[in-house]
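Report on the structure given below.
The values are calculated or read from the model by the stated rules, or taken from the named source; none is laboratory data. Values in this document were obtained by computation on a predicted structure and should not be read as measured data. Note that we place each Cβ from the backbone using ideal geometry, even for glycine, and neighbour counts take in every protein chain shown. All accessible areas refer to the heavy atoms of the entire protein, side chains included, with ligands and DNA or RNA removed. Shrake-Rupley method; radii C 1.70, N 1.55, O 1.52, S 1.80 Å.
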Amino acid sequence: MKTLGQKLKELRASLDLSQEKLSEELGISIKSIQRYETDKFQPDTYTMVKLATYFDVSTDYLLGLLAYDGELREIASKVSQNGKYNAFYSHHLKCKNSSDVDESNGYYWIHSVENRVIGGQTEWVGWLNEARTLEIRRLRPVIPMIAIRECTNIHGRPMLLNKEEDVIVFRLFGGHAVVKKEICEQYLPEFLEDFIART
């Protein structure tokens, strides 16, 4: 069974990240990364969660608390045959860990599960019926960095969608995303349709 250090090194290498880049991305000293990867030290709980979240694996996987077949299931859909993350999953992680916000553009916060439109951060538009039991809602613009922070606190880090390739990966993996307005209009117009909500 692989050690924590071997798993961290493999996960880092699968994304073509240097120790320096990972250190920079997570705010962990390079010396600590080196010590973790050589199994000289174990990360504390906070750092362990930070690493698991960044690589989108469970802390149980990193700590070896899953049975071997559980470990294989945990990582199998993310890793290709040659032991590297497939390109789509690698792109997914990059979108989840990105903070590259285009301040000159508007953004929406959306959510999808199993390639079904679920919704997002919405605003009230009006009533559908006189009894006021059905309201019309529509997606509303959000301040991207605030949306990312709030989504992270509630649901986990969202993907940041700034281009068409990001949308393709979002359609594959779903979840929460903060999407540039023009990208949403062009590639995810179904999220912009008004929908009915029961009060």
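Any idea what the dipole of the stretch 112-199 comes to, in debye rounded to 20, about its Cα centre with Lys/Arg Cβ at +1 and Asp/Glu Cβ at -1?
Values: 12 positive and 13 negative charges, 56 e Å.
Around 260 debye, computed over the stretch 112-199.
Given a 1.4 Å probe and every protein chain left where it sits, what share in percent of the accessible area of the chain is carbon and sulfur? List each step's numbers first, then the result.
Details: 5760 of 11360 Å².
Here it works out to 51 percent.
In a GNM of the chain with a 10 Å cut-off on Cα contacts, which of Gln186, Gln34, Gln121 has the highest mean-square fluctuation?
Gln186
Please report the accessible area of His111 (heavy atoms, 1.4 Å probe, ligands and nucleic acids excluded) in Å², nearest 10.
For His111, the solvent-accessible surface is approximately 50 Å².
How much accessible area per residue does the stretch 1-67 have, in Å², with a 1.4 Å probe? Please report the intermediate quantities before stating the final value.
On the way: 3670 Å² over 67 residues.
With the other protein chains kept in place, the stretch 1-67 gives 55 Å² per residue.
Report Rg (one decimal) and Dmax (nearest whole number) for the stretch 24-68, counting Cα atoms only, units Å.
For the stretch 24-68, the Cα-based Rg and Dmax read 10.7, 32 Å.
Tally Lys and Arg at +1 and Asp and Glu at -1 over the other residues with C-beta under 14 Å from the C-beta of Pro158: what net charge comes out? Could the numbers behind the result be given before it?
Details: positive: Lys94, Lys96, Arg149, Arg157, Lys180; negative: Asp56, Asp100, Glu150, Asp166.
Combined, the nearby Lys, Arg, Asp and Glu give +1.
Report the local net charge at Arg137: Lys and Arg +1, Asp and Glu -1, summed over other residues whose C-beta lies under 12 Å from its C-beta.
Numbers: positive: Arg138, Arg140, Arg198; negative: Glu123, Glu135, Glu193, Asp194.
The answer is -1.
Express in Å², to the nearest 10, the accessible area of Asp56 obtained by rolling a 1.4 Å probe over the protein heavy atoms while all chains stay in place.
Accessible surface of Asp56 is approximately 50 Å².
Roughly how many debye, to the nearest 20, is the charge dipole of the stretch 125-168 about its Cα centre, given +1 on each Lys and Arg Cβ, -1 on each Asp and Glu Cβ, and no other charges? Intermediate results must be reported in sequence, preceding the final value.
On the way: 7 positive and 6 negative charges, 33 e Å.
Rounded to the nearest 20 debye, it is 160 debye.
Quote the charge dipole size of the chain about the Cα centre in Debye, to the nearest 20; the model charges only the Cβ of Lys and Arg (+1) and of Asp and Glu (-1). Intermediate values should be presented prior to the final figure.
Details: 26 positive and 29 negative charges, 89 e Å.
Using only the charged Cβ atoms, the result is roughly 420 debye.
Which whole-number percentage describes the relative contact order of the chain, with Cα contacts under 8 Å and a sequence gap of 6 or more? Walk me through the numbers before you get to the answer.
Working: 279 pairs, mean separation 37.7, N = 199.
Worked out over the chain, it gives 19 percent.
Along the positive direction of the dipole of the chain (beta-carbon charges: Lys, Arg +1; Asp, Glu -1; about the Cα centre), which of Thr3, Ile196, Leu51 reaches farthest?
Thr3
Build a GNM of the chain with springs between Cα atoms under 10 Å: which of Asn162, Asn129, Asn153 gets the top mean-square fluctuation?
Maximum fluctuation in the GNM of the chain, among the listed residues, is at Asn129.
Based on C-alpha coordinates, I'd like the Rg and Dmax of the chain, in Å.
Radius of gyration, then largest Cα-Cα span, for the chain: 19.6, 68 Å.
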